[in-house]
Amino acid sequence: MAPVILVLNSGSSSIKFTLFSGDAVQLKGQISGLGAQPHISLRSHVSDTRVDRDLTPAEGRTHAAALDALLPSLEQELGGQDVDAVGHRVVHGGVSLTAPVRITGEVMTELRRLEPLAPLHQPHNLAGIEAACAAFPKALQSACFDTSFHRNHPWVNDTFALPRSLYEEGVRRYGFHGLSYEYICAYLKQARPDVYAGKLVVAHLGNGASMCAVSNGQSIGSTMGFTALDGLPMGTRCGQLDPGVVLYLLTAKGMTAEEISDLLYKESGLKGLSGISQDMRTLTQSDAPEAAEAIDYFVFRIRRELGAMAAVLGGLDTLVFTGGIGENSALVRRKVCSDLEWLGLTADEAKNQSGAEEISADTSRASVLVIPTNEEEMIRRHTEKLLSSEAVSA
Ligand code: ADP
């Protein structure tokens, strides 16, 4: 029988979930507003059931309580079938966890040790794991890491120019959004093997945003570094920043580490620059010059990284757009691709507006693709592989 796999993506204030039977999505939704105004919304793709309701404060107080509130809908959907495995998105696997793993006590200890490296993501990922272990004690629990895809990138992209002892203790460029890049590469390998074999830049542009240079399916460089703060500006995160600014905030302005962390993670990026919104749709619809400037800065940084990545790759065969903005904003794609003939890249505006997968002009040497990412499906595949390898060795 097809394995039943629940994929969980636990963040600070939300738990996104997808229930798969084999490779078919049965149920999908999220619990949002944890700790504040908790709300559950889900949709069954089998029975077309929809749930859209506020949770009580008690139901939304912790990740464990929220998962409990989800259980009745899951049980109704499963009709007596067990959940065989729960696959978790985990932001940081550090240096040692380089591939998806079954979560054991030892793995949890290592994941907890990594919490300081991703303080805004990892603790919530781990809270989701603990809640799922309690709710589904018989299921295999797997951890799939956003860092794994980059672990074999070249040393020059792995290090900072700091004393080596810091590198040895783990102060490295890890790179994130790996599950998204892995999904895109797996898709290309199957659907467009010629593209897969070439020099690619994948731009994952969502609330979180990064870019990855890929050669032959291997990450060569990414814009994110030690934390998911570096590189491109994001919804509320600043992206690349002169470290001298942090020193200035600390010493001249007397800000605390917590205040600086809040500023860089939650008040910067598109939100900070525009003073209007972190949401690209809102900015696109706004007439305010600050909204246009925020979009201009976003596009400028993408173009700058694209040029740098083309140099590192020794050329560019394909640019892939993905993520909420990459998949949906024809405006951002048009601005990023303008005047790139020198790079052999010309987009076709009619195709860009049409929803086509390939939006480059027929005359363009390099191709431009728009491919929807699917991190949940990637986690499902990894978790299914772990399930079947354990069944073979049992
Ligand atoms: P996350 O990183 O949280 O998964 P998403 O990948 O869902 O985020 O991307 C969210 C971003 O995508 C938001 O800035 C949103 O405004 C943007 N977006 C979604 N649809 C559109 C659209 N049609 N046009 C422009 N931007 C869009």
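The values are calculated or read from the model by the stated rules, or taken from the named source; none is laboratory data. In this text the structure is predicted, and so the values were computed from the model without any measurement. Cβ: placed from backbone, ideal geometry, glycine included. Neighbour counts: every protein chain shown. For accessibility, only protein heavy atoms count, side chains too; no ligands or nucleic acids. Shrake-Rupley method; radii C 1.70, N 1.55, O 1.52, S 1.80 Å.
Values for this structure:
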| quantity | calculated |
| --- | --- |
| Ordering of 220-233, 60-73, 97-110 by packing [mean C-beta count within 10 Å, highest first] | 220-233, 60-73, 97-110 |
| Modelled FRET efficiency - R0 22 Å, residue 81 with residue 389, Cβ distances, 0.05 increments | 0.50 |
| Tensor-based shape of region 85-196 (alpha-carbon gyration tensor, a/c under 1.5 rounded, otherwise prolate or oblate) | oblate |
| C-alpha long axis of helix 122-135 to longest principal axis of the chain, angle in ° | 20 |
| Shape category assigned to the chain from the gyration tensor of Cα positions, a/c cut at 1.5 | rounded |
| Listed peptides 13-19, 112-118, 156-162 by packing density, highest first (mean Cβ within 10 Å) | 13-19, 112-118, 156-162 |
| Where 357, 377, 267, 75 fall by accessible area, highest first, once all protein chains stay in place (1.4 Å) | 75, 267, 357, 377 |
| Members of 16/199; 335/385; 28/266 lying beyond 31 Å, as alpha-carbon distances in this model show | 16/199; 335/385 |
| Within the accessible area of region 46-158 (1.4 Å probe), percent carbon and sulfur | 54 |
| Spacing of the two label points (7 Å from each Cα toward its C-beta) at residue 226 and residue 115, in nm | 2.0 |
| Distance between modelled label sites at residue 282 and residue 102, nm, 7 Å Cα→Cβ extension | 4.6 |
| Where the chain is the region considered: accessible area per residue in Å², 1.4 Å probe | 45 |
| Shape category assigned to region 1-47 from the gyration tensor of Cα positions, a/c cut at 1.5 | oblate |
| Where 138, 199 fall by accessible area, highest first, once all protein chains stay in place (1.4 Å) | 138, 199 |
| Residues in region 317-340 that a label on residue 292 would reach, taking backbone N under 19 Å of a point 7 Å out along Cα→Cβ | 330-339 |
| Gaussian network model of the chain, Cα within-10 Å springs - most flexible of 305, 375, 341 | 341 |
| Value of relative contact order over region 249-394, rounded to a whole percent, pairs C-alpha under 8 Å and six or more apart | 15 |
| Percentage relative contact order, the chain, counting C-alpha pairs under 8 Å, at least six apart | 13 |
| Sites residue 311 and residue 248 - FRET efficiency at Förster radius 30 Å, r taken between beta-carbons, to 0.05 | 0.45 |
| Region 1-141: relative contact order as a whole-number percent, Cα under 8 Å and 6+ apart | 24 |
| Carbon + sulfur, % of accessible area of region 220-365 - ligands and nucleic acids excluded, 1.4 Å | 53 |
